[in-house]
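The values are calculated or read from the model by the stated rules, or taken from the named source; none is laboratory data. Everything numeric in this text was worked out from a predicted model, so none of it was measured. Virtual Cβ from ideal backbone geometry, glycine too; neighbours counted across all protein chains shown. Keep in mind that these areas ignore ligands, DNA and RNA; they rest on the heavy atoms of the full protein, side chains included. Shrake-Rupley method; radii C 1.70, N 1.55, O 1.52, S 1.80 Å.
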Amino acid sequence: IHVRSTFSKGSTFKVCLPLAESDQTEVTTASKTPVQVSHSGTILVADDAIEVRKTVASVLESFGHNVIQASDGIDAIEKFYAHQHEISLVISDIVMPRMDGVDSVLEMRKTYPELPVIFMTGYDAPKEKTQKILDNETSMLLNKPFKTAELSKLVNKLINRNG
């Protein structure tokens, strides 16, 4: 454990753990509940936390999806307009610098009003912003941390909602 503390700024803790082989019970449990992918598509993932963004992208790619990554709301809008005819779903963090996820999705929906979106958040979602956009038909909320199966279920539901 490495600790760095700066007066009136806070502390940083780095915990380094060795890699471990997974035990047999985890393998057995995982094999009993495979994640089913019923459709693949191109998904835009927007999150300012690079670790979260890359992990979500990796999971989605393992399901057979193409993934475009964006670092914030403005980057997401730019990538959306560059690939709007390919994108079948947006997964966006709500709280990001420069432009938050809700505002960026509202901008994207000026072109594609029924754009399916999964909003991710590690905080309580700000009700005043999300109540006008969360409808459980084209927009859903996923609280961090979440399980791969939860992500897969929502992705499949939104991508297949018309099919």
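Starting from residues that are open to solvent by 60 Å² or more (accessible area, probe 1.4 Å) and either at pLDDT 95 or above or not β-branched (Val, Ile, Thr) (or both), keep the ones in the range 84-97 and report whichever is farthest from ASN156 (Cα to Cα).
So the residue we want is PRO97.
Name the single residue that is most open to solvent (accessible area, probe 1.4 Å) among those in the range 38-60 being of a type in the set (D, E, K, R) and in contact with a strand residue (DSSP E or B) (Cβ under 8 Å, 6 or more places away or on another chain).
LYS54
Quick check on my filter: what residues within the range 81-124 are of a type in the set (A, V, I, L, M, F, W, C), touching a residue at least 24 places away in the same chain (Cβ under 8 Å) and assigned to a helix (DSSP H, G or I)? Break it down into steps so the answer makes sense when it comes.
As a first pass, look at the range 81-124 and keep what is of a type in the set (A, V, I, L, M, F, W, C): 82, 87, 89-91, 94-96, 99, 102, 105-106, 108, 115, 117-120.
Subsequent filtering for residues that are touching a residue at least 24 places away in the same chain (Cβ under 8 Å) retains 87, 89-91, 94-96, 99, 102, 105-106, 108, 115, 117-120.
Result: VAL102, VAL105, LEU106, MET108.
I'd like the full set of residues that are assigned to a loop (DSSP other than H, G, I, E, B) and surrounded by 19 or more Cβ atoms within 10 Å (Cβ to Cβ), limited to the range 64-75. Give the steps one after another, and end with the answer.
Let us first name the residues in the range 64-75 that are assigned to a loop (DSSP other than H, G, I, E, B), namely 64-65, 71-72.
Residues satisfying the conditions are HIS65, ASP72.
Rundown of residues vs (1) open to solvent by 70 Å² or more (accessible area, probe 1.4 Å); (2) within 16 Å of VAL52 (Cβ to Cβ); (3) modelled with pLDDT under 90, yes/no style:
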| position | (1), (2), (3) |
| --- | --- |
| MET99 | no, no, no |
| VAL105 | no, no, no |
| ARG109 | no, no, no |
| MET140 | no, no, no |
| THR148 | no, yes, no |
| LYS153 | yes, no, no |
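Do we have GLU78 as more than 20 Å from ASN143 (Cβ to Cβ) and assigned to a helix (DSSP H, G or I) here?
yes
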